[in-house]
1. Output the direction-averaged projected area (hull surface divided by four) of the convex hull of the alpha-carbon atoms of the protein assembly as shown, in nm².
2. How many nm separate the modelled label positions at A:Val6 and B:Phe45, each set 7 Å beyond the Cα in the direction of the Cβ?
3. Per the Cauchy relation, a quarter of the hull surface: what is the mean projected area of the convex hull of the alpha carbons in chain B, in nm²?
4. Exceeding 28 Å between C-alpha atoms, which entries from my cross-link table qualify? They are B:Lys14/B:Lys99; B:Lys10/B:Lys102; B:Lys17/B:Lys37; B:Lys10/B:Lys99.
5. Enter the angle in degrees (range 0 to 90, nearest 10) between the Cα long axis of helix B:125-138 and the first principal axis of the Cα atoms of chain B, meaning the one along which they spread out most.
6. Could you pull out every residue, at least 5 positions away or on a different chain, whose amide H is within less than 5 Å of the one on B:Ile104? Hs are placed 1.01 Å off N in the peptide plane, and Pro or chain starts have none.
7. Would you mind counting up the charge near B:Ala57? Only other residues with Cβ under 9 Å from its Cβ, with Lys and Arg at +1 and Asp and Glu at -1.
8. Using only helices, what value at 222 nm comes out for chain B when you add -39,500 (n - 2.57) per DSSP H run of length 4 or more and divide by the total residues, to the nearest 500 deg cm²/dmol?
Amino acid sequence: LNGGAVPSAPPTYT
Amino acid sequence: MAVVNEGALKKMLKQYKYRDLTVREITNVISQYKDLKPVMDAYVFNDGNSRDLVSLAGTIPVSYRGNVYNIPVCLWLLDTYPYNPPICFVKPTSAMMIKTGKHIDANGKIYLPYLHEWKHPHSDLYGLIQVMIVVFGEEPPVFSRPTTQPPYQAFQA
């Protein structure tokens with residue numbers, strides 16, 4: 001993302 | 001991140017009907033949410049037509065159960081913006097999957113009362129992003145995919 005923050009997501013839901 | 005000056009943005013949005021309003025809002029939002037940036041790209045409508053539109057693409061910080069996640073989103077602005085709401089998507093990476101629900105469909109399109117009831121000047125990009133952060137903090141639109149399992153091995157008697 002061209003120097004933006006690294007995308008992240010919560011751990012998988014169950 | 002790339003520095004986008006107002007002059008360059010104005011040039012980019014030359015076909016926008018309310019260019020100055022749109023440029024002002026984009027400039028305001030990217031100064032507050034530094035991981036979003038304006039990108040010009042072809043948007044394909046449901047009828048197959050496409051059009052060059054600006055989007056705000058990148059991530060927004062969402063706090064969920066005590067941790068902050070950088071949720072990837074893309075907010076497309078029609079050339080009638082701000083008199084029509086943005087068309088918004090969550091953009092999962094290959095390590096993520098969409099969690100469909102009241103606010104998210106299988107394509108990642110985002111549905112919110114704020115968008116449905118959009119009315120300039122009461123509604124704007126900054127307000128929209130704040131609503132997204134609250135809503136996604138309760139119900140994240142994406143989750144990480146489970147880490148790859150080792151290859152399946154049959155039980156041996």
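1. It is 12.8 nm².
2. 4.0
3. Here the figure is 12.7 nm², rounded to one decimal.
4. In this structure, B:Lys14/B:Lys99; B:Lys10/B:Lys102; B:Lys10/B:Lys99 exceed 28 Å between Cα atoms.
5. Helix B:125-138 and the main axis of chain B meet at about 20 degrees.
6. Answer set, sorted by chain and number: B:Tyr111.
7. +1
8. -7000 deg cm²/dmol
Just so you know, all these numbers are worked out from the coordinates, no wet-lab data involved. Keep in mind that this is a model prediction, so the values were computed, not measured. Note that each Cβ is placed from the backbone with ideal geometry, even for glycine, and that neighbours are counted across all protein chains shown.
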